[in-house]
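Engineer: Got a structure here, written out as structure tokens. Questions coming.
The values are calculated or read from the model by the stated rules, or taken from the named source; none is laboratory data. Remember, predicted model here, so these are calculated numbers, not experimental data. Here the Cβ is made from the backbone with ideal geometry for all residues, glycine too, and neighbour counts use every protein chain on show.
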Amino acid sequence: EAQVTQNPRYLITVTGKKLTVTCSQNMNHEYMSWYRQDPGLGLRQIYYSMNVEVTDKGDVPEGYKVSRKEKRNFPLILESPSPNQTSLYFCASSHRDRGVYEQYFGPGTRLTVT
Amino acid sequence: GEDVEQSLFLSVREGDSSVINCTYTDSSSTYLYWYKQEPGAGLQLLTYIFSNMDMKQDQRLTVLLNKKDKHLSLRIADTQTGDSAIYFCAESRFGNTDKLIFGTGTRLQVFP
């Protein structure tokens with residue numbers, strides 16, 4: 001089954017404790033992204049990757065890091081989480097089909113930083 | 001600007017039509033999309049429209065695009081309780097291979 005998986009689904013942590021949210025896709029997509037979803041703000045892109053070892057900042061990259069060592073994995077790293085990073089996070093991968101970019105989303109990770 | 005705006009809530013009776021509206025600001029948008037987010041899940045692509053089209057119909061879904069006014073709408077005919085979800089419009093721009101600009105989302109509630 002074609003899918004994007006994220007782990008963990010729920011995480012409660014404390015300020016300053018490094019954490020990693022994993023993301024994996026089995027569709028051989030080149031493009032992967034991380035978004036955060038906040039009430040009234042929709043989805044905002046954090047980072048994206050166009051291929052292995054190619055990553056770039058999205059709209060809200062501060063406080064986050066990513067890496068793309070393999071095509072299927074795109075982990076999101078919070079080196080020193082702060083309460084304003086409490087949010088719902090989505091990983092997505094995408095491919096281009098006749099000019100249309102369809103993004104496939106993971107189920108989301110709800111992060112609470114106290 | 002990059003804002004994509006939607007109203008936050010819409011409530012309709014089962015069997016009626018729902019119309020969810022979206023306005024965007026970038027006239028260079030190539031494709032416009034509608035995504036659906038069910039409770040506790042990620043977003044799923046519902047439908048899309050190319051910017052040189054005015055209308056696209058797909059079963060119960062009708063997408064209307066007014067490029068002059070930068071207005072996009074999604075009409076759901078015969079709305080069912082299973083249509084209750086958050087609906088996001090999104091735009092992509094020529095030359096940017098992956099970036100989608102999402103709206104704030106409209107929460108559709110269908111009551112019996």
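Engineer: Do any strands (runs of 3 or more DSSP E) lying entirely in region B:36-79 carry at least 2 residues that are surrounded by 12 or more Cβ atoms within 10 Å (Cβ to Cβ) and within 11 Å of chain A (Cβ to nearest Cβ), and which ones are they?
Structural biologist: Because the criterion is at least 2 residues that are surrounded by 12 or more Cβ atoms within 10 Å (Cβ to Cβ) and within 11 Å of chain A (Cβ to nearest Cβ), the strands (runs of 3 or more DSSP E) in region B:36-79 that meet it are B:43-50.
Engineer: Residues of region B:1-24 being away from every other protein chain (no Cβ under 14 Å), assigned to a loop (DSSP other than H, G, I, E, B) and free of Cβ contacts under 8 Å to residues at least 60 places away in the same chain, which ones? Steps first, answer last, please.
Structural biologist: Step one: of region B:1-24, the residues away from every other protein chain (no Cβ under 14 Å) are B:10-19, B:21.
Those still in the list that are assigned to a loop (DSSP other than H, G, I, E, B) too: B:14-17.
If the condition is that a residue be away from every other protein chain (no Cβ under 14 Å), assigned to a loop (DSSP other than H, G, I, E, B) and free of Cβ contacts under 8 Å to residues at least 60 places away in the same chain, then no residue fits.
Engineer: Separate question: Here are the criteria: (1) surrounded by 13 or more Cβ atoms within 10 Å (Cβ to Cβ); (2) away from every other protein chain (no Cβ under 11 Å); (3) in a loop (DSSP other than H, G, I, E, B). Tell me which single one B:SER27 does not satisfy.
Structural biologist: Of the numbered conditions (1) surrounded by 13 or more Cβ atoms within 10 Å (Cβ to Cβ); (2) away from every other protein chain (no Cβ under 11 Å); (3) in a loop (DSSP other than H, G, I, E, B), the odd one out for B:SER27 is (1).
Engineer: Please enumerate the residues belonging to region A:65-85 that are touching a residue at least 24 places away in the same chain (Cβ under 8 Å) and assigned to a loop (DSSP other than H, G, I, E, B).
Structural biologist: A:ARG68, A:LYS71, A:ARG72, A:PHE74, A:PRO75, A:GLU79, A:SER80, A:PRO81, A:SER82
Engineer: Can you tell me which residue in region A:99-114 is nearest to B:TYR48 (Cα to Cα), limited to those that are facing chain B (nearest Cβ under 10 Å) and assigned to a loop (DSSP other than H, G, I, E, B)?
Structural biologist: A:GLY99
Engineer: Can you name the number of the only condition in (1) facing chain B (nearest Cβ under 9 Å); (2) surrounded by 15 or more Cβ atoms within 10 Å (Cβ to Cβ); (3) out of contact with any Gly (no Cβ under 6 Å at 6 or more places or on another chain) that A:GLN45 fails?
Structural biologist: (3)
Engineer: Return yes or no: is A:PRO8 modelled with pLDDT of 95 or more, crowded, with 16+ Cβ neighbours inside 10 Å and over 23 Å from A:VAL100 (Cβ atoms)?
Structural biologist: Judged against the criteria, A:PRO8 is not a match.
Engineer: Now, a different point. Residue under question is A:GLY106, and the condition is that it be in contact with a Cys (Cβ under 8 Å, 6 or more places away or on another chain) and touching a residue at least 12 places away in the same chain (Cβ under 8 Å); does it hold?
Structural biologist: yes
Engineer: Taking only region A:38-65 into account, find how many residues are more than 21 Å from B:SER92 (Cβ to Cβ) and at pLDDT 95 or above.
Structural biologist: Selection size over region A:38-65: 4.
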